[in-house]
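First comes the structure, then the notes that go with it.
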Amino acid sequence: METSYDFNHLKRDLAETFETVSKGRHNLLSIIPIRGESRNYKHEWLEDVIEATIDALDGAILFDDLTIDVDNGAKFAVGDIIAFEGYDEVMRITGKDGDTLTVARGYGDTTPEGMDDDTVVRVISRPRAEASDPGYDAVSEPSAEFNFTQIFDRTAKISKSAVASEHLVIDDLVDFHVKHHLELLQIEMNAAMIYGRRYANTSDASIPRTMGGILYFLDQEDGNVIDAEAGAITAEDLNDLIEMIAEDGGRPDILVCNTAQARAITAFNALSGSTPIVRTSWSDERTGGAVYEFVGDLPLGMVERIIVDTAFPQDKIALLDSSKLALVPMKGRAFRDLPATPSEAADYIARRIIGEYTLEVRNALHAHGLVKNLATS
C-alpha cells in the first residue's frame, strides 16, 4: 500500500529555513523582520504621520506687526498659542489666510519683539474655551503608500551520478544545493532591498515586476536627505540628520553603511578625546577600532546599532527605524522548494526554489534619513 512516505516529489516550505539562513548573514536584510502577508501584487499600507508642531517665519517681523508669514500655514489653527526660538514673546493666533497668520502680540504679559527671518515657530498649546464646539481641524486622512511584489527564483540541478556518489561530509547533496541557492537568494534580495526600483508593466506580463528598495523610498525631495557634495562624513552630518528625523517625529535605531564609511565613522574617535563617539561593546576585551554604535549629541541621539553591509553604496549612509521596515511575502508565496525534474528519463534531479516578496518602508520621508554623495577615500 502506498503511503505519503513513498512520495518523491514533495513540495517543501522553506520560509523558516530562509529566515534562519538570512539571520546568519551579515547584511542589512539579516536584521529586517519578515512579517505579515501581501494580498495583492501591489502591496499597500496606510501612513498617518504625526507631524512635529514647529515651523519657521517666512520673513522678519517688527515688534508691532499684527500679521506674520510662516513657511507652512497648514500646521497652525486659530486659537493656537505660539512661541519663538530665541525670543521670550508668546503670541495667540486670531486669524489665518494660507501662510499668513493674524496674531495678538505679547500674549500672557510677554513683551513684543522684532524677530529675524527663519526664526523657529513652535505651537505650544491649542487651548479650548468652556462650552466650545468640537474642533475637526486636528483630524487628517492617512495617506497610502505601496510597493510591488517581486518573484525571486533559483533552480538547483544535480546529476544523478553526483547524487548517487557517497560523500564524506554531505549526506544529502540535493538539500545541500537547495540551501546554497537560498543563500544566493538572500544576497540577491538584500541587493534588491537596497537598490530596487518600484516598477510594474501591467500591459506586458513578460516583463518582471520589481520592488522599490530603501534608497528608492528615502532619496526623495521631501525626505530627510543631506547632500555631502563629495565631502567626508562628519559627526555633525550624522547629528544633523538625527535632528531632522527627530523633528519629524522619528527615532532611528540603525545606521547602515559600507566599509569605506564604517572606517570613516570609526576614525571619529581619534578626534573625540576622552569621550568616544563610536563605541565598542562594554564586554569586549579586544583592542583596535570597531564600529558598533554612534552616540549623537542629542539626548535621544544614540543609534543603537551600526550595520556594515558591503552591498550598500560606498557614498551613502542611511539612518533607519527598524520598527518601520518589513519584508512581506505574498500570501501563500513564501519561499518553497518544488520538484523541477522534467521526467524520470532526465539524468539529473532539479529543485526550484521560488518565493514572492515585497518591502515595506513605512513613513519613509519622516522616520528615516540619508546622507549621500560622500567622499569614498
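Output the residues belonging to the range 225-238 that are out of contact with any strand residue (DSSP E or B) (no Cβ under 7 Å at 6 or more places or on another chain) and at pLDDT 90 or above.
Glu229, Ala230, Gly231, Ala232, Thr234, Glu236
Out of all the residues in the range 352-377, which are under 14 Å from the mean Cα position of the chain (by Cα) and either of a type in the set (Phe, Trp, Tyr) or assigned to a strand (DSSP E or B) (or both)?
Thr358, Leu359, Glu360, Val361, Gly369, Leu370, Val371 - these are the residues of the range 352-377 that are under 14 Å from the mean Cα position of the chain (by Cα) and either of a type in the set (Phe, Trp, Tyr) or assigned to a strand (DSSP E or B) (or both).
Could you tell me whether any residue of the range 77-93 is aliphatic (A, V, I, L, M), modelled with pLDDT of 95 or more and in contact with a helix residue (DSSP H, G or I) (Cβ under 6 Å, 6 or more places away or on another chain)?
The answer is yes; a qualifying residue exists.
Would you pick out the residues in the range 151-169 that are surrounded by 12 or more Cβ atoms within 10 Å (Cβ to Cβ), modelled with pLDDT under 90 and β-branched (Val, Ile, Thr)?
Answer for the range 151-169, where residues must be surrounded by 12 or more Cβ atoms within 10 Å (Cβ to Cβ), modelled with pLDDT under 90 and β-branched (Val, Ile, Thr): Ile158, Val163.
If Val21 meets every condition in (1) out of contact with any helix residue (DSSP H, G or I) (no Cβ under 6 Å at 6 or more places or on another chain); (2) crowded, with 16+ Cβ neighbours inside 10 Å apart from one, which number is that one?
(1)
Just a yes or no: is a residue in the range 36-53 part of a loop (DSSP other than H, G, I, E, B), over 35 Å from the mean Cα position of the chain (by Cα) and surrounded by 12 or more Cβ atoms within 10 Å (Cβ to Cβ)?
Scanning the range 36-53 turns up no residue that is part of a loop (DSSP other than H, G, I, E, B), over 35 Å from the mean Cα position of the chain (by Cα) and surrounded by 12 or more Cβ atoms within 10 Å (Cβ to Cβ).
Select from the range 54-76 the residues that are touching a Ser or Thr at 6+ places or on another chain (Cβ under 7 Å), at pLDDT 95 or above and of a type outside the set (Asp, Glu) and write down the one among them that is surrounded by the most Cβ atoms within 10 Å (Cβ to Cβ).
Here the answer is Leu57.
Exactly one condition in (1) farther than 30 Å from Val90 by Cα; (2) of a type in the set (Asp, Glu); (3) at pLDDT below 90; (4) not in a helix (DSSP H, G or I) is false for Asp175; which is it?
(4)
Could you grab me the full set of residues in the range 61-85 that are part of a strand (DSSP E or B), β-branched (Val, Ile, Thr) and within 21 Å of Arg128 (Cα to Cα)?
Matches in the range 61-85: Ile81, Ile82.
Within the range 17-35, restricting attention to residues that are outside any helix (DSSP H, G or I) and either modelled with pLDDT of 95 or more or charged (D, E, K, R) (or both), which residue is nearest to Val256 (Cα to Cα)?
Filtering the range 17-35 for residues that are outside any helix (DSSP H, G or I) and either modelled with pLDDT of 95 or more or charged (D, E, K, R) (or both), the one nearest to Val256 (Cα to Cα) comes out as Arg25.
Kindly check whether there is at least one residue in the range 334-346 that is crowded, with 18+ Cβ neighbours inside 10 Å, touching a Phe, Trp or Tyr at 6+ places or on another chain (Cβ under 9 Å) and either more than 30 Å from Phe176 (Cβ to Cβ) or of a type outside the set (Val, Ile, Thr) (or both).
yes
Scan the range 325-337 for residues that are over 14 Å from Glu44 (Cα atoms), out of contact with any Asp or Glu (no Cβ under 6 Å at 6 or more places or on another chain) and at pLDDT 90 or above and jot them down.
Scanning the range 325-337 gives Gly332, Ala334, Phe335.
Filter the range 100-143 down to the residues that are of a type in the set (Ser, Thr, Tyr) and modelled with pLDDT of 90 or more, then identify the one that is farthest from Glu44 (Cα to Cα).
Selected residue: Thr111.
Taking the range 188-220 as the search range and keeping residues that are surrounded by fewer than 14 Cβ atoms within 10 Å (Cβ to Cβ) and touching a residue at least 40 places away in the same chain (Cβ under 8 Å), which one is nearest to Leu241 (Cα to Cα)?
Only one residue tops the list, namely Gln220.
Do we find a residue being closer than 30 Å to Arg263 by Cα and either among the hydrophobic types (A, V, I, L, M, F, W, C) or modelled with pLDDT under 95 (or both) anywhere in the range 339-359?
Yes, that holds for at least one residue.
Given the condition at pLDDT 85 or above, among the acidic types (Asp, Glu) and over 21 Å from Val178 (Cα atoms), answer yes or no: does some residue in the range 38-45 qualify?
For the range 38-45, residues at pLDDT 85 or above, among the acidic types (Asp, Glu) and over 21 Å from Val178 (Cα atoms): present.
Looking at (1) among the charged types (D, E, K, R); (2) surrounded by fewer than 21 Cβ atoms within 10 Å (Cβ to Cβ); (3) out of contact with any helix residue (DSSP H, G or I) (no Cβ under 8 Å at 6 or more places or on another chain), can you tell me which one Asp297 breaks?
In the conditions (1) among the charged types (D, E, K, R); (2) surrounded by fewer than 21 Cβ atoms within 10 Å (Cβ to Cβ); (3) out of contact with any helix residue (DSSP H, G or I) (no Cβ under 8 Å at 6 or more places or on another chain), Asp297 misses (3) alone.
Inspect all residues belonging to the range 202-213 and state whether any of them is closer than 26 Å to Ile265 by Cβ, touching a Leu at 6+ places or on another chain (Cβ under 9 Å) and part of a loop (DSSP other than H, G, I, E, B).
Yes, the range 202-213 contains a residue that is closer than 26 Å to Ile265 by Cβ, touching a Leu at 6+ places or on another chain (Cβ under 9 Å) and part of a loop (DSSP other than H, G, I, E, B).
Tell me, which strands (runs of 3 or more DSSP E) wholly within the range 239-324 include 1 or more residues that are touching a Gly at 6+ places or on another chain (Cβ under 7 Å) and either at pLDDT 85 or above or within 25 Å of Arg35 (Cα to Cα) (or both)?
317-320
The values are calculated or read from the model by the stated rules, or taken from the named source; none is laboratory data. In this text the structure is predicted, and so the values were computed from the model without any measurement. Every residue, glycine as well, gets a Cβ built from its backbone with ideal geometry; the counts of neighbours run over all protein chains shown.
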